[in-house]
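Read through the structure below, which is laid out as structure tokens, and then see the notes.
The values are calculated or read from the model by the stated rules, or taken from the named source; none is laboratory data. All values reported here derive from a predicted model rather than from experimental measurement. We place every Cβ from the backbone using ideal geometry, glycine too, and count neighbours over all the protein chains shown.
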Amino acid sequence: MSELLQYKCPCCGGNIEFDSSLQKMKCPYCDTTFELETLKQYDQCLNQKIEEKMDWNNDHLENYSEAETENIDIYICESCGGEIIGDKTTAAASCPFCGNPVIMKSKLAGDLKPDYIIPFKVSKQQAKEALKNHTKGKLLVPKAFKDENHLDEIKGIYVPFWLFDSKTDASVRYRATRTRFWSDSHYDYTETTYYSVYRQGTMEFERVPVDGSIQMDDQMMESIEPFRSNDIVDFQTAYLSGFLANRYDVSLEDSISRANERIKKSVEETIASTVRGYSTVIPESSQIQLVDGVNHYAMYPVWLLNTTWNNEKYTFVMNGQTGKFVGDLPMDKGAFCKWFVIIAVIVSVIAFAAMCFILR
């Protein structure tokens, strides 16, 4: 069984968890609050290199194949003795029997311990309200979805991210043209002048994020950026209490190519924005060198909301720090056709009126 970490209230013995609105640890039973500094002693064990030991009890898993159990860890809740089942990446969860928040210390120890964390700033209730606001004013969303929509699941998750710091030396060459037109009484003239445009410069990047979880969609994670660095703090396990958390299952090595891609795209777009005053601009060559690259491992807060409508599942994601909310919504085909006809009629009327005005 793997070792669990639970924060106990010194006043009543209940399990305490992080309150995003207070930015403190709070006991849900006696309402006592605690500063995070008072709980740092719980993290001392994580600073020691301890060899992980896992003793498996396979008796109750005899109906499962070996392949099915390879990705399962079993924990014992220290409050009620119930079994908690998680996969290899689960770092924080709650007991399904008593609901107490638990932290899997072995998933955060040694080289797996994050360097930084951004604590949740947005509460669960705010995430629910954000879903309602997400549907407001959208004419093509079915009214029944707005009226009948209910959440199947809402989870506050600390998602693992690899962060990349780097300086870049870049040089880009473009082929550009300027074109001018003029006419005389006999001919129309076009003159095209060709240029070779060269740009060179240095840019610095700090904490470029790359999602380190296979379970989270990369595009959705990037769509809720940016995460603001001003709220980033040194990692403490106390922040995980009351939320779910996964450790990375996308390695640093596998994330480097994605980070390089994001950095290169940003450099090329920034340099291209300085090439102005030409009719056409075509990149011919690009050389980007990374200098003094450094990486970090961090946990960022994300609200994940799932809802079902007409037997289809819809997933929404919210930045747990800034409140930025994204997710696809169903479309009312009848409303689409109605608005298409209305717009087509309006355009036709305007076109007819313009034609009549011209012919007068």
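Only residues that are of a type outside the set (S, T, N, Q) and over 29 Å from Ile271 (Cα atoms) were counted in region 182-201, giving 6.
Among the criteria (1) under 18 Å from the mean Cα position of the chain (by Cα); (2) within 30 Å of Phe18 (Cα to Cα); (3) not polar (S, T, N, Q), the one Arg262 does not fulfil is (2).
So which residues in region 225-245 are in a helix (DSSP H, G or I), hydroxyl-bearing (Ser, Thr, Tyr) and closer than 14 Å to Gln23 by Cβ? Tyr239 - this is the single residue of region 225-245 that is in a helix (DSSP H, G or I), hydroxyl-bearing (Ser, Thr, Tyr) and closer than 14 Å to Gln23 by Cβ. Take the residues of region 288-309 that are farther than 19 Å from Asp218 by Cβ and not hydrophobic (A, V, I, L, M, F, W, C): which is modelled with the highest pLDDT? Within region 288-309, the match that is modelled with the highest pLDDT is Gln289. Screening Ser285 on (1) part of a strand (DSSP E or B); (2) surrounded by 14 or more Cβ atoms within 10 Å (Cβ to Cβ); (3) touching a residue at least 60 places away in the same chain (Cβ under 8 Å); (4) of a type outside the set (A, V, I, L, M) shows it passes everything except condition (2).
Given the options Ile214, Ile263, Ile224, name the one that is over 30 Å from Asp152 (Cβ atoms) and out of contact with any His (no Cβ under 8 Å at 6 or more places or on another chain).
Numbers: Ile214 fails: over 30 Å from Asp152 (Cβ atoms); Ile224 fails: over 30 Å from Asp152 (Cβ atoms).
Just one listed residue meets the conditions, Ile263.
Quick check on Ser183: is it under 16 Å from the mean Cα position of the chain (by Cα) and either free of Cβ contacts under 8 Å to residues at least 24 places away in the same chain or surrounded by fewer than 12 Cβ atoms within 10 Å (Cβ to Cβ) (or both)? Taking the combined requirement at face value, the residue does not satisfy it. Filtering region 194-233 to residues that are exposed (fewer than 14 other Cβ atoms within 10 Å of the Cβ) and of a type in the set (A, V, I, L, M) leaves Ile214, Val233.
Residues of region 242-251 include none that is within 22 Å of the chain's Cα centre (by Cα), of a type in the set (Lys, Arg) and modelled with pLDDT of 90 or more.
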